[in-house]
Structures are given as C-alpha cells and as structure tokens.
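Structure first, then comments.
The values are calculated or read from the model by the stated rules, or taken from the named source; none is laboratory data. Because the structure is predicted, anything quoted here is derived from the model rather than measured. Cβ sites come from the backbone with ideal geometry, for glycine too, and all protein chains shown count toward neighbours. Areas reflect the complete protein model, heavy atoms only, side chains present, ligands, DNA and RNA absent. Shrake-Rupley method; radii C 1.70, N 1.55, O 1.52, S 1.80 Å.
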Amino acid sequence: MQNPEVFILAIESSCDDTAAAVLHNDKVLANVVANQLIHNQYGGVVPELASRAHQQNIVPVVDAALRKANIQKEQLSAIAFTQGPGLMGSLLVGGSFSKSMSAALEIPLIAVNHMHAHVLAHFIDEDGFDKPSFPFLALTISGGHTQIIRVDSFFDMTIIGETTDDAVGEAFDKSAKILGLPYPGGPLIDKYAKLGNPKAFAFTKPKVAGLDFSFSGLKTAILYFIQKQKLQNPDFITENLNDICASIQHTIIEILMDKIKLAVKETGIKQVAIGGGVSANSGIRAALKATEARYGWKTFIPKFEYTTDNAAMIGIVGYQKFLNQHFETAAVVSKARIQF
C-alpha cells in the first residue's frame, strides 16, 4: 500500500552531470543538475576532470535540491544513487556521498541501475504525461547505449535488441565532428536538420539480423562521403550543411524505426516508450509520435528534462525499490559496467 510520506533524495553522477532530486512518492519536488562545460573544449568527456567536478558540485547541488523541495534532511525516507553503468571515478563520488549521508541519517540506501532509470522515468507523476502499462517496449538511446527492452514490470526487464558496436548518440556526435561542428554535436545536427532536405543524400542502412543495431558502418560511410565531396568542392559542407544533417538524421531515424517496428511485430506489444539523451531529438520524437495514427501504437515520450541524465529518474526507481524494501548496505560497490 502506498505510503503518503515517502521522501527520496536521489543522486546521479554517472558521467559529466552532477544531479540531485527530491521526490515525494512519485512526484518530483526538485530536480537540480550541474553541467560540466569544461569538456566542450576537449571534444568529449574527460573522466578525470568529470570526477573532480563532481566532488566540487555534489554538496551544493544536494543542498539546492533540498532547499528547492523545502525539505529538511531529517524528513528523508531513503537515499537512492546511481550504482552504474558509467565512468568509475564519477560513480564513486555519488556512491560515496550517498553511503555517508544514509549512514549519518540512519536511513536506507538504494542502488539504482542508470539504464533502468531511463526506462522508468515514464512513471514520474507529471501533468500531461501518461504512464505506460505493463508490458511495454522501451527504446533507450543515448551516447553510450542503444537498446530495445521488453518491460514486464518495474523489476522485470529484458533486453531484446542492442547495438553491436557504437551507440546512436555516438553516431550523431561523430557525424557532427566530421562536419566540423562543436561538441556535443548531436543537438546541432537536429537543429540544422529542421532546415534541410532529408532525402538530399542517401546513406546505406546497415543490415543487422534480428533486433540488434550497428552504427559504425554508417559513421564510416558518412566520413568517406564527406571526404569525397570535399575533394570536388572544398565548400561542400558549408553550402550543404542543412541537407547533410537532415539526410544523416533521416537515415538514423529509419534505422531505429525499422527495428522498433520489427520488435512490435515480434512481441505483439504496441506500447512503445523512448528514453535516454538522444530521445530529446525532435525528429525521433516526431517519427515515434506518427506511429500512433499510422499503426495504432500508444507511444510515450518523456518530458525533456527527464531525457538527459538527471536524478529524478533515479528517484522514481528509488521510490519503487523503497516500496519493495530493496535496500543495500554500505558494502555495495559502484560498477562501470553492470548487469542489466
């Protein structure tokens, strides 16, 4: 039975964002994220710099979350934190802080799988957003993961398809780098794609059996295409940037949609949710939404702030684990790679 007074402090530190959230049951009272802009100059996340920044940010971020939620730390029911997967140095900062605070307050400690959190973010109570019913399919797309997951309950999830090499976010960012766009380039491809012709240039879609994905071949094809065109016209990228971005995005969306259509056909499940940082992409959101009228699917697209790494999604998993008394001791360890 639902306890009306469950307050969860959630901490997320898997990569380069330090985040803290406070939830009252399944309702978010505060969701604070401190971004690390230092990585932009390096064209990617530098793990050592990320862990140092987490150490600087975690106390003020947690303090800000508690203040915004108007909650005293003595009111907290439990602390949930990201156990993995992620950068080991980053995970250790959040894990160590959470262990210490739970011990000091003498409240339960809850470990959360970051990828489970992307899936279950759809169960945060938000006005205007429906919650899926079980079973449903989840497409988790980010810089490090591309997965199709069958979700039968809060704690019963099965990966039925995943990338065999690079993640979709990697494909977006590396394509942007080839075009000379700054890091992170994925959002810029989305921005320019809105202004271009998605069928201006054709890129071959990889042939991968079943529900698995592959993006390394597409990255190579884009690289060779750009190199060839620049030999003929040094200004090719400048003159065709919008069309190039639109064509790249169109190809990636088709790859994702082909696989999710196959997953729906094989499972018979017509409820489809997306999650992860790349689910913020406007083209992917539009393509998924279009399936409702075309195929009769029910789709679930998260609130924008719950797509990228955030602590609210850690908190909703923490809330469900709290209800089921799934607690950890201080012996729990952070894991860069963790069993799904």
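Quick notes on this structure:
- Cα principal axis extents for the stretch 50-95, largest first, Å: 31, 20, 12
- Across the cross-link table entries Lys219/Lys261; Lys99/Lys335; Lys174/Lys303; Lys205/Lys259; Lys205/Lys270, which are compared at the Cα atoms, the separations over 21 Å belong to Lys219/Lys261; Lys174/Lys303; Lys205/Lys270.
- Taking Ala263, Ala121, Ala286 as the candidate residues, the one with maximal mean-square fluctuation in a Gaussian network model of the chain, Cα springs under 10 Å, is Ala286.
- Note that the stretch 118-189 shows a convex hull volume over its alpha carbon atoms of 105 Å³ per residue.
- Most mobile of Asn57, Asn240, Asn281 in a GNM of the chain (Cα contacts under 10 Å): Asn240
- Taking the inverse of the mean 1/r over every pair of distinct Cα atoms in the stretch 292-334 gives a Kirkwood hydrodynamic radius of 13.5 Å.
- Relative contact order [Cα under 8 Å, 6+ residues apart], the stretch 252-312, whole percent: 40 percent
- Counting only Cα atoms, the size of the stretch 251-322 along its three principal axes is 37, 25, 19 Å, in decreasing order.
- For Asp125 and Glu106, the difference between the fully extended length at 0.36 nm per residue and the C-alpha to C-alpha distance is 4.1 nm.
- The calculated pair-distance distribution of the chain uses every alpha carbon pair, bins of 20 angstrom beginning at 0, and gives 31, 55, 13, 0 percent.
- DSSP bridge pairs, the chain: antiparallel proportion in percent, nearest 5: 60 percent
- Using the Stokes-Einstein relation with a Kirkwood hydrodynamic radius computed over Cα pairs, the translational diffusion coefficient of the stretch 214-340 at 37 °C and a viscosity of 0.692 mPa s comes to 179 µm²/s.
- Probe 1.4 Å, protein heavy atoms only - accessible area per residue of the chain in square angstrom: 45 Å²
- Whole-percent carbon and sulfur share, accessible surface of the chain, 1.4 Å: 52 percent
- Of Val208, Val272, Val33, the one that fluctuates the most in a GNM where the chain has Cα springs shorter than 10 Å: Val208
- Acute angle (nearest 10 degrees) that the helix 168-178 long axis makes with the longest principal axis of the chain, alpha-carbon atoms: 50 degrees
- Trypsin sites (Lys or Arg not before Pro) restricted to the stretch 276-340 and DSSP loop, no more than 11 other C-beta within 10 Å: Arg337
- Less than 5 angstrom separates the built amide H of Ser214 from those of Thr164, all sequence-distant by 5 or more or on a different chain.
- Between 0 and 90°, nearest 10: helix 312-323 axis offset from the chain longest Cα axis: 40 degrees
- For Ile260, the shell of other residues with beta-carbons less than 15 Å away shows a net charge of +4, using +1 for Lys and Arg and -1 for Asp and Glu.
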